[in-house]
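Novice: Questions regarding the structure given below will be posed in turn.
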Amino acid sequence: MQLVDVTLPALRNLAVLAVVFTLLGFLMPTCDNTSPWWRKPDLSTDLCWAILPQLLYKFANTLMLIIGVAFLYGITDPVGLERLFSDGFGPLAHLGCFLQIALYLLGSDLVMYSTHRLFHSAKLWRFHAVHHSSEHLEWTSAARFHPVDQILHGILADVVMLLLGIPPEVLVWLMPFNVGSSALVHANLNWDFGIFRYLLVSPVYHRWHHTSAERGGSSNFAGTFPLFDLVFGTFYMPVEQRPDLYGIDDIHFPKDFIGQIRHPFAIRDPAQASKSRRAESERVYVTHP
């Protein structure tokens, strides 16, 4: 796989999303009365997150997953590898395609719900804070994930589903949906999906998650299905209200891409670190009726 094979699809996907959300921004009401996405103050940081880490993820993610599953099931011949990609190995491998897709969407969302809550704990928040650092939430903010967050939160879900027998082919088919839905829920759109608000995560629903902990920041952890927030008591969707303030409580948090990569590993002042740990730990204990 050459560098151009990774870069061009990433740029193409960005271009498609830019056109779609530009049109939606003109045609549909926004949630926040702010500047359009292309005038976002930290847009360059978002674009770096959307392009540069993909050079790592695209090279390593699917290849490492397939190698790991092949090793686990003792697959060494080309025929077995071809079967692994198309049919999968494990308890779910014998199921029909549409059922596998449904189980992948539900299963991966449950895994990501769990890891998402873990990343709001004191020990892991420093990595997830990168994603919440955007004060001007837009569809471009969707790719802002620290590599540690991406591996333990995003890739882990795919690993679990592959081990259960979901074929890699299903992951490839659903990649456009995953990318598009992630961009959608971060978009500045005044959509709460009305009567379907309990069925699918909407932009308004997820924007509450990007507010402060005492408002909605310790709720709405699900990425696709609010069902998991409803079951585990973390659903928050106030009627006729809209979120309006985003970001994190750290005035020293870097705005640039390299700074955000390095920040979770930086040695901090002990007093400030202790204060941050207390604030971070409170995020997972705030509940809403």
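Novice: Could you line up ASP244, ASP32 from fewest to most neighbouring Cβ atoms inside 10 Å?
Specialist: Values: ASP244 12, ASP32 17.
Fewest to most other Cβ atoms nearby, the residues stand as ASP244, ASP32.
Novice: Suppose each label sits 7 Å from its Cα in the direction of the beta carbon; what would the LEU43-ILE251 distance come out to in nanometres?
Specialist: Between LEU43 and ILE251, the simple spin-label model gives 2.8 nm.
Novice: So for each of 214-227, 159-172 I average, over its residues, the number of other beta carbons within 10 Å; can you give me the resulting order with the highest mean first?
Specialist: 214-227, 159-172
Novice: Could you list SER182, SER134 so that the one with the fewest beta carbons within 10 Å of its beta carbon is first and the one with the most is last?
Specialist: Ordered by Cβ neighbours within 10 Å, fewest first: SER182, SER134.
None of the figures in this text is laboratory data; all of them are computed from the coordinates on show. Quick caveat: nothing in here was measured; it's all calculated off a predicted structure. Here Cβ is always computed from backbone atoms with ideal geometry, including for glycine, and neighbour counts include all displayed protein chains.
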